[in-house]
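Novice: Below are the structure tokens for one structure; questions will follow.
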Amino acid sequence: MKNEKYDYLIVGSGLFGATFAYRATKADKKCLVIDKRPQLGGNVYCENVEGINVHKYGAHIFHTNNKQVWNFVNSIVEFNRYTNSPIANYKGKLYNLPFNMNTFYQMWGVTTPAEAQAKIDEQKAAAVAALNGREPANLEEQALTLVGKDIFEKLIKEYTEKQWGRNCKDLPAFIIKRLPVRLVFDNNYFNDRYQGIPIGGYNKLIDGLLEGVETRTGVDFFAEYKDNWRNIADKLVYTGAIDEYFDYKLGKLDWRTVSFKTRIENTPDYQGNAVVNYTSHDQPFTRIIEHKHFEMFGQTVYDCPKTVVSEEYSTEYKDGMEPYYPVNDSRNNALADEYRKLASAEKDVVFGGRLAQYKYYDMAPIIEQVLCLSNV
């Protein structure tokens, strides 16, 4: 008879950890989920303010083409019909996103797909000619060859520089391998068949996934469990930063992080849209999120007399901050590969999620990964 109390110790209660705990529990495994934050849910955690579910760690919009994943999350909580249709504000002028016929009309006054394509081709040709036969050497050159000068300068250049904290000429070309150009009047950002937000907020999803699972918050894995976890569990599921797990012994990986300035506005509708990107350097923030528009539509927007908005700021990660996005340059990719080799040799440890794999994932692929695991 084994001495271990749990089958799995799961570090982190975000989507990977919570979905893993759900599957393992259904398979009659005993799990303990720990999280260093004071609440469960990782970055999808919502805070209720003035009756509005505020996405505390940034906008999270669920989208997928995978019917199995969509049916799975809807079996936990019903999702609404939210469609992501962001707006770009460049020096006070508004453009629809993603790049589509509305954008091209706003940019050039063109009204047909043929006119838009001709304008794009003309600007792309100028960028390709400037390269004089060589491959694009950086993100700026790559983007110019994909969409041309006008769209690049107004909707990509300064926004990207705010996101990455680097000049577009200093960013690698592969960051923008392609830019979707749609010659239709459709502002739906995602092409995925299924899209929405959990009715009642993401906490409903996390609570459903973790129902019946033992959880502990405000717990530091490294201070309390790292050295002795095998005494209390057969296996470990780790969703924190991969370099931290190995005590940074190969060096530290770089991350980008985001911070938010959230405030209540005494109006039922502040900007008329959930997400407005600010694409010039005139504003230090990258976008403003108005949270009620994720879940309130039509008259219900005005039945709620106040609104909550968050300005989002992108910054370089420093110790003590929350890591958000991997920096996918050659140095970090090579270092991450070395850490992944160490991870693959760790006995009875599953490394899951964005931080533990040093890869940027949307929410649906994270859940898909867990649903496809054969050893839960």
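The values are calculated or read from the model by the stated rules, or taken from the named source; none is laboratory data. None of these values were measured; they are calculated from a predicted model. Backbone-built Cβ (ideal geometry, glycine too); neighbour counts: all protein chains shown. The area values use the complete protein model at the heavy-atom level, side chains included, leaving out ligands, DNA and RNA. Shrake-Rupley method; radii C 1.70, N 1.55, O 1.52, S 1.80 Å.
Novice: Once each part is reduced to its C-alpha centroid, what is the distance from the stretch 37-57 to the stretch 320-374 in angstrom?
Specialist: 24
Novice: I've got another one for you. Return the sequence-ordered ³J(HN,Hα) values of the stretch 27-40 in whole Hz as given by the Karplus equation 6.51 cos²θ - 1.76 cosθ + 1.60 applied to θ = phi - 60°, using x for Gly and Pro.
Specialist: 8, 6, 8, 9, 10, 10, 9, 10, 8, 6, 6, x, 9, 8
Novice: Ok, one more. Quick check: the distance between the Cα centres of the stretch 82-150 and the stretch 231-298, to the nearest angstrom?
Specialist: 27
Novice: Then there is this: Would you please calculate the Kirkwood hydrodynamic radius of the stretch 77-133 over all C-alpha pairs and express it in Å, rounded to one decimal?
Specialist: 13.6
Novice: What residues qualify as long-range amide H neighbours of E265, i.e. H under 5 Å apart, gap of 5 or more or another chain, H built at 1.01 Å from N?
Specialist: Amide H neighbours of E265, under 5 Å, 5+ apart: T307, V308, V309.
Novice: Quick check: net charge around S280, other residues with Cβ under 13 Å of its Cβ, Lys/Arg +1 and Asp/Glu -1?
Specialist: +2
Novice: Also: Quick test of the membrane-span-like rule: which DSSP H helices of the chain reach at least 30 Å along their long axis (C-alpha atoms) with mean Kyte hydropathy at least 1.6?
Specialist: Membrane-span-like by this rule: not one helix.
Novice: Next up: Tell me, which longest segment in the chain has none of the trypsin sites (Lys or Arg not before Pro) that fall in DSSP loops with at most 10 further Cβ atoms within 10 Å? The partial results should precede the final answer.
Specialist: Working: sites that count: K2, R81, R134, K177, R178, K249, K318, K347.
Between the exposed loop sites, the longest stretch runs 3-80.
Novice: Once you've got the Cα coordinates, tell me which of K30/K204; K29/K67; K91/K306; K261/K318; K124/K177; K124/K157 are over 20 Å apart.
Specialist: Beyond 20 Å between Cα atoms: K30/K204; K29/K67; K91/K306.
Novice: Kindly state, to the nearest 0.05, the FRET efficiency for L371 paired with E115, given R0 = 45 Å and r defined as their beta-carbon distance. Walk me through the intermediate numbers first.
Specialist: On the way: r = 45 Å, r/R0 = 1.00.
Working from the Cβ atoms, E equals 0.50.
Novice: Over the stretch 31-105, what is the relative contact order in percent, taking alpha-carbon pairs closer than 8 angstrom and at least six residues apart?
Specialist: Working: 43 pairs, mean separation 9.7, N = 75.
This gives 13 percent for the stretch 31-105.
Novice: Can you send over the carbon and sulfur percentage of the accessible area for the stretch 45-103, probe radius 1.4 Å, protein chains only?
Specialist: Values: 1040 of 2400 Å².
Carbon and sulfur atoms account for 43 percent of the accessible area of the stretch 45-103.
Novice: Need the list of lysines near K347 for cross-linking: C-alpha distance under 16 angstrom, and skip anything on the same chain fewer than eight residues off.
Specialist: Cross-link targets: K226, K235.
Novice: What translational diffusion coefficient, in µm²/s and rounded to a whole number, does the Stokes-Einstein relation yield for the stretch 157-236 at 37 °C and a viscosity of 0.692 mPa s, taking the hydrodynamic radius as the Kirkwood radius over Cα pairs?
Specialist: 175
Novice: Cross-link partners among aspartates and glutamates for K119, C-alpha distance below 13 Å, same-chain residues fewer than 8 apart left out?
Specialist: D150
Novice: So if a site counts as exposed when it's one of the GluC sites (Glu not before Pro), its DSSP state isn't H, G, I, E or B, and it has at most 16 other Cβ atoms within 10 Å, what's the longest stretch of the chain without one?
Specialist: That gives 212-345 as the longest site-free run.
Novice: Still on this structure, please answer the following. Over all alpha-carbon pairs of the stretch 39-175, lay out the pair-distance distribution in 10 Å bins, whole %, shortest bin first.
Specialist: For the stretch 39-175, the pair-distance distribution reads 10, 27, 29, 23, 11, 1.
Novice: Kindly work out what percent of the DSSP beta bridges joining two residues of the stretch 6-100 are antiparallel, to the nearest 5.
Specialist: DSSP beta bridges in the stretch 6-100 are roughly 65 percent antiparallel.
Novice: Tell me, what is the per residue accessible area of the chain in Å², probe radius 1.4 Å?
Specialist: Value for the chain: 47 Å² per residue.
Novice: In Å and on Cα atoms, what radius of gyration and Dmax does the stretch 206-304 show?
Specialist: When restricted to Cα atoms, the stretch 206-304 yields Rg and Dmax of 21.1, 56 Å.
Novice: Using r as the Cβ-Cβ distance of Y248 and D192, and R0 as 45 Å, what FRET efficiency do you calculate, to the nearest 0.05?
Specialist: Taking R0 as 45 Å, the efficiency between Y248 and D192 is 0.75.
Novice: Further question on the same structure: Give me the distance in nm between label points sitting 7 Å out from Cα along the Cα-to-Cβ direction at S259 and E224, one decimal.
Specialist: Going by the 7 Å Cα→Cβ label model, 2.7 nm.
Novice: May I pose another question? Quick one: divide the alpha-carbon radius of gyration of the chain by 2.2 N^0.38 Å and tell me what you get. Walk me through the numbers on the way to the answer.
Specialist: Values: Rg = 22.4 Å, N = 376, 2.2 N^0.38 = 20.9 Å.
Against the compact-globule rule of thumb, the ratio is 1.07.
Novice: Ok, one more. Indicate, rounded to the nearest 5 percent, the antiparallel portion of the DSSP beta bridges found entirely in the chain.
Specialist: 60
Novice: Which translational diffusion coefficient, to the nearest whole µm²/s, is obtained for the stretch 5-81 from the Stokes-Einstein equation, given a Kirkwood hydrodynamic radius over C-alpha pairs, 37 °C and 0.692 mPa s?
Specialist: Numbers: Rh = 14.2 Å.
Stokes-Einstein gives a translational diffusion coefficient of 232 µm²/s.
Novice: Using R₀ = 25 Å, calculate the FRET efficiency as 1/(1 + (r/R₀)^6) where r is the Cβ-Cβ separation of V128 and Q106; round to 0.05.
Specialist: 0.50
Novice: How far, in nm, would the chain grow between K93 and N167 when pulled straight, counting 0.36 nm per residue and subtracting the alpha carbon separation?
Specialist: Computed gain between K93 and N167 is 24.3 nm.
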